[in-house]
Amino acid sequence: MTSDAPLIRMQAVGKRFGNFQALANIDLTVTSGERIVVCGPSGSGKSTLIRCINRLEKHDAGRIFIGQTELTDAMEDLNAVRREVGMVFQSFNLFPHMTVLKNLMLAQRLVRKITRQEAQDIAMHYLERVRIPEQAKKYPIQLSGGQQQRVAIARALCMKPQVMLFDEPTSALDPEMIHEVLDVMVDLAKDGMTMICVTHEMGFARSVADRVIFMDEGRILEQAPPLDFFQNPRRGRTKQFLSQILQH
Amino acid sequence: MEALSGWGDDFFQGSVVVAQVFVASLILMVIFGLIGAAAKLSGNRLARTIAGAYTVVFRGTPEILVILLLYFGTALTLTAIAQLFNPEIRFIDVPPFWAGTFAIALIVGSYATETFRGAFLGVTPGSIEAAHALGMSNLQVFFYVRVPEMWRLALPAFGNHMLSLIKDTALISIIGLNETLFVAKQAIGATGQPFTMYIVVGLIYLGFSTIITLTVMGLERYGNRHLRQGT
Amino acid sequence: MSFDTALIVESLPKMLMGIGLTFQLLVLSAVFGLILATLLMLMRISGKWWLSWPAQVYIYVFRGTPILVQIFIVYYGFPQLEVIRESVLWPVFREPFGCAVFALSLNAGAYVSEILRGGVLGVDRGMLEAGEALGLSKTQRFVYLTTPIATRLALPAYGNDIISLLKSTALASTITLMEMTGIARTIVAQTYAPYEIFISLAIVYMVLTFLIQKLVARIERHLGRYTLKEG
């Protein structure tokens, strides 16, 4: 992938679940190094949007490109594309039966097909970056929620992705742990990682995002740099949402 | 299949016996299960120990052993008792129907003990407290709140217990009960067609199992009607 | 009537001579049953109707009929069929041992496949999605994520099924096999001492049940070490 071409391109993307229109006519281009925060009320299609990008959901209208590759049913190697797209979930989704280290090594060994030693070195490197190398031998259940989410981030980073997707990474955390996860995400942003984050952490959006996207009823209603977005929201729906979320 | 002609009535009679054993053992099984559960939940240590032993023994012993022991054992005991009064008596025969019915009811009752106990404990304390707060008496709470809720919780496992009972009736043929498997043996003696006859027995049991399964499904739907959203 | 301890001391070793045969029946049926169950379970979760439908019918038929009837169909029924007599498997079906293992395996397969399916369905979907997002193929996800977790989830129920299978091996005595129960029945026929013989044998079965429970609990602890908060 060349750096000047857009990393992700979505053209008129739509997705239905039965009668429910989860996404409608989404146009979105993400260039390398860009940091995007997606927000909106629940059910607005934020999660579906990023889940379509690594094809955990199949879109049923429009086109999606990751680099030069289009996501279609006829794709030869979906997993090659998924390797380029890291994903972090709301509920961590660590492999409960493996130690932290094994969690980080599994996909490296199976998908990137590198040696055990190499995989372990990479794993330890990223555990240090998320500041929990000492937890390597523990099982996920023995960690706090914040630690688990940091392991999940490290696990995705081990695959050396071009872009990281975050699906409400702090929503399942106790308040005192939100910070340690956001700190790691800020570090990532500083290092130039391309990121799309679905989150309601507006402080994070303000300090890190290049662009904030507001979604409602499956559509992108508004997108702007954070300063604009927070100070002069143009749509009534956006104002209403912001006042609800920022009132405390 | 023409080998079957002439045996239809006998298989029907055998099926009636299966149904009779089923109904009788079902009633006994519920009684044993309820007594067992009550004992396990009671404050009396002796009762709890006896109920515990009951479940361990009947869950760990092959069904056929229980049936054989009850059949031959009671015959032996009854004979010994009768001889005390009348030394002339040589042997008292126990009807296989009752020995078998008791045996399978005891076995499945040991499983039902756990089911009933679990269902009793599964009733949410909140709804019991709410009923007390509304001024209902203990008896009212038991019959209007606890029993209906228990019943709903116990039903799926109870359906399996009924299937166990119906299938265990086949074992009673070993001590000479004239149910379908016993009929098949006679039919084979006359026709020399074991495969056909045993398949017929299998189909009869499959029919019984289907009736039980459908009944339980219907009851479950009825019992869970308040859990469905909308209509 | 009295309890003849000397008879027990004399008979117990005789009955224990059959423990080897009991074990052979148990282990072989458990292994073949598990293989069959895995196949049936994969068919059921395949999402293809022409695979899941036959598996469902199979499970329904084998769970809806008594195991004794299944054993009789194989042992007494199969020789009636020319297809069987001329097949390469005839040496298996000519012997009561082969018939017992065959019938017990088919039966266990039906029950265990449902247990395995329960385990597979209990695996967290989100965790599998994380595997998918990391680029693991469907097969890799099944082998490395679903299988180990489903195994742990299914183990307690599987342990109970092995105990049921142990109890079912006693039915092999009805087709002339001299495993423990077969020997016990012969001794009772000679001595007419059902209490002494059957009760001491029941205790042997209970000890075996207990040992199986202990073994399963140990495996469970080993497989479930990642579920404990304290490492």
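Just so you know, all these numbers are worked out from the coordinates, no wet-lab data involved. Quick caveat, the model's predicted, so the values are computed rather than measured. Here Cβ is always computed from backbone atoms with ideal geometry, including for glycine, and neighbour counts include all displayed protein chains.
B:A131: net charge of surrounding residues, Cβ under 13 Å, Lys/Arg +1, Asp/Glu -1, itself excluded?
So the environment of B:A131 carries a net charge of -1.
Relative contact order of chain C: what whole-number percent is it, with Cα pairs under 8 angstrom and at least 6 residues apart?
About 29 percent, as a whole number.
Modelled label-to-label distance, A:A5 and C:E230, 7 Å Cα→beta-carbon offset: nm?
A separation of 5.7 nm, rounded to one decimal place.
With just the Cα atoms defining each centre, how far is segment C:187-231 from segment B:11-87? Give it in Å.
Between the Cα centres of segment C:187-231 and segment B:11-87 lies a distance of 21 Å.
Over chain A, what is the relative contact order in percent, taking alpha-carbon pairs closer than 8 angstrom and at least six residues apart?
26 percent
Among C:F62, B:G223, A:N54, flag the residue with its Cα farthest along the positive direction of the charge dipole of the protein assembly as shown, charges on Cβ as +1 for Lys/Arg and -1 for Asp/Glu.
Among C:F62, B:G223, A:N54, the one farthest towards the positive end of the dipole of the protein assembly as shown is A:N54.
Taking the Cβ of A:E134 as the center, what net charge do the other residues with Cβ under 15 Å away carry, scoring Lys and Arg +1 and Asp and Glu -1?
+3
Over all Cα pairs of segment A:138-248, how is the pair count split among 10 Å bins, expressed in % and running from 0 up to the last occupied bin?
12, 42, 32, 12, 1
In sequence order, what are the phi-derived ³J(HN,Hα) couplings for segment B:214-227 according to the Karplus relation 6.51 cos²θ - 1.76 cosθ + 1.60 with θ = phi - 60°, rounded to whole Hz, with x for glycine and proline?
Result, ordered by residue: 5, 4, 4, 4, x, 5, 5, 4, 5, x, 9, 4, 6, 8 Hz.
So which GluC sites (Glu not before Pro) in segment C:25-115 are both in a DSSP loop and have at most 15 other Cβ atoms within 10 Å of their Cβ?
The qualifying sites are C:E86.
Just to check I understand the Karplus step: with θ = phi - 60° and J = 6.51 cos²θ - 1.76 cosθ + 1.60, what whole-Hz values come out for segment B:42-56, glycine and proline as x?
6, x, 7, 5, 4, 4, 5, 5, 4, 5, x, 4, 4, 5, 4
Taking amide hydrogens as modeled 1.01 Å from N in the peptide plane, which residues meet the under 5 Å criterion relative to A:E222, leaving out close sequence neighbours?
It is A:F214, by chain and number.
Taking amide H positions as placed in the peptide plane 1.01 Å from N, state which residues far from A:G67 in sequence (5 or more) or on other chains have amide H under 5 Å from it.
Those qualifying (amide H under 5 Å, at least 5 residues apart or on another chain) are A:I8, A:R9.
In whole Å, what are the Cα extents of segment C:83-160 along the three principal axes, biggest one first?
54, 28, 15
Measuring from a point 7 Å past the Cα of B:V147 along Cα-to-C-beta, which residues in segment B:187-231 have an amide N at less than 19 Å?
Once the point is set 7 Å along Cα→Cβ of B:V147, B:219-220, B:222-224 turn out to lie under 19 Å by backbone N, inside segment B:187-231.
Among B:F142, B:G192, B:G43, flag the residue with its Cα farthest along the positive direction of the charge dipole of segment B:9-224, charges on Cβ as +1 for Lys/Arg and -1 for Asp/Glu.
Projecting each Cα onto the dipole axis, the largest value belongs to B:G43.
Give me a single rounded figure for B:52-65: the average over its residues of other chain Cβ atoms within 10 Å of their Cβ.
Mean number of neighbouring Cβ atoms from other chains: 6.
Compute the separation of the alpha-carbon centres of segment B:126-174 and segment C:66-126 and state it in Å as a whole number.
34 Å
Report the longest stretch of chain B that contains none of the trypsin sites (Lys or Arg not before Pro) sitting in a DSSP loop with at most 10 other Cβ atoms within 10 Å.
My reading of the result: B:91-227 is the longest stretch.
List the residues whose amide H sits under 5 Å from the amide H of A:F166, counting only those 5 or more places along or on another chain, with H placed 1.01 Å from N in the peptide plane.
Counting only residues 5 or more places away or on other chains, the set is A:V88, A:I196, A:C197, A:V198.
I'd like to know which of A:M177, A:V208, A:Q21 lies farthest towards the positive end of the charge dipole of chain A, counting +1 on Cβ of Lys and Arg and -1 on Cβ of Asp and Glu.
Comparing the listed Cα positions along the dipole, A:Q21 ranks first.
Per residue of segment B:114-128, what does 6.51 cos²θ - 1.76 cosθ + 1.60 with θ = phi - 60° give for ³J(HN,Hα)? Whole Hz please, x for Gly and Pro, Karplus curve as stated.
5, 4, 5, 4, x, 5, 4, 6, x, 5, 5, x, x, 6, 5
Sum up the charges of everything whose Cβ sits under 14 Å from the Cβ of B:F97, counting Lys and Arg as +1 and Asp and Glu as -1, but leave B:F97 out.
It works out to a net charge of -3.
Using alpha-carbon positions, what is the distance between the centroids of segment A:123-202 and segment A:40-62, in Å?
Using only Cα atoms, the two centres lie 22 Å from each other.
Are there trypsin sites (Lys or Arg not before Pro) in segment A:145-244 that DSSP marks as loop and that have at most 16 other Cβ atoms within 10 Å, and which are they?
Those satisfying the criteria are A:R234, A:R235.
Under a point-charge model restricted to the Cβ atoms of Lys and Arg (+1) and Asp and Glu (-1), what is the dipole moment magnitude of chain B relative to its Cα centre, in debye to the nearest 20?
Dipole magnitude for chain B comes out near 860 debye.
Between B:D9 and B:L214, what FRET efficiency follows from the Cβ-Cβ distance if R0 is 30 Å, with the result rounded to 0.05?
0.70
Over all Cα pairs of the protein assembly as shown, how is the pair count split among 10 Å bins, expressed in % and running from 0 up to the last occupied bin?
So the P(r) values, bin by bin, are 3, 11, 18, 18, 15, 14, 11, 6, 3, 1, 0, 0.
As a test of the definition: which semi-axes, in Å, follow for segment A:13-74 when you take the square root of five times each eigenvalue of its alpha carbon gyration tensor? Largest first, please.
So the equivalent ellipsoid measures 19, 17, 9 Å along its semi-axes.
Restricting attention to segment C:154-231, which GluC sites (Glu not before Pro) occupy a DSSP loop and are surrounded by at most 11 other Cβ atoms within 10 Å?
Here the GluC sites (Glu not before Pro) that fit, given the DSSP loop and packing criteria, are C:E230.
Could you give the semi-axes, largest first, of the ellipsoid that matches chain A, computed as the square roots of 5 times the alpha carbon gyration tensor eigenvalues and rounded to whole Å?
29, 23, 16
Averaged across A:106-113, how many Cβ atoms of other chains sit within 10 Å of each residue's Cβ atom?
Partner Cβ neighbours, averaged per residue: 4.
Treating only the Cα positions of segment C:20-177 as identical point scatterers, give the base-10 log of I(q)/I(0) from the Debye formula at each q in 0.13, 0.15 Å⁻¹.
With no solvent term, the Cα-only Debye profile gives -0.67, -0.84.
When the convex hull of the Cα atoms of segment B:9-224 is projected onto a plane and the area is averaged over all directions, what value comes out in nm²?
Its Cα hull, projected and averaged over all orientations, spans 16.1 nm².
When we measure straight from the Cα of C:K14, which aspartates and glutamates land under 17 angstrom away, once same-chain ones fewer than 8 places off are left out?
C:D4, C:E179, C:E196
Hey, which of these cross-link pairs are over 26 Å Cα-Cα: C:K138/C:K229; A:K15/C:K138; C:K48/C:K138; A:K102/A:K160?
C:K138/C:K229
For peptide C:198-205, what's the mean number of Cβ atoms from other chains within 10 Å of each residue's Cβ?
5
Which FRET efficiency value, to the nearest 0.05, is calculated for A:K58 and A:L242 with the Förster distance at 25 angstrom and r the Cβ-Cβ distance?
According to the calculation, E is roughly 0.20.
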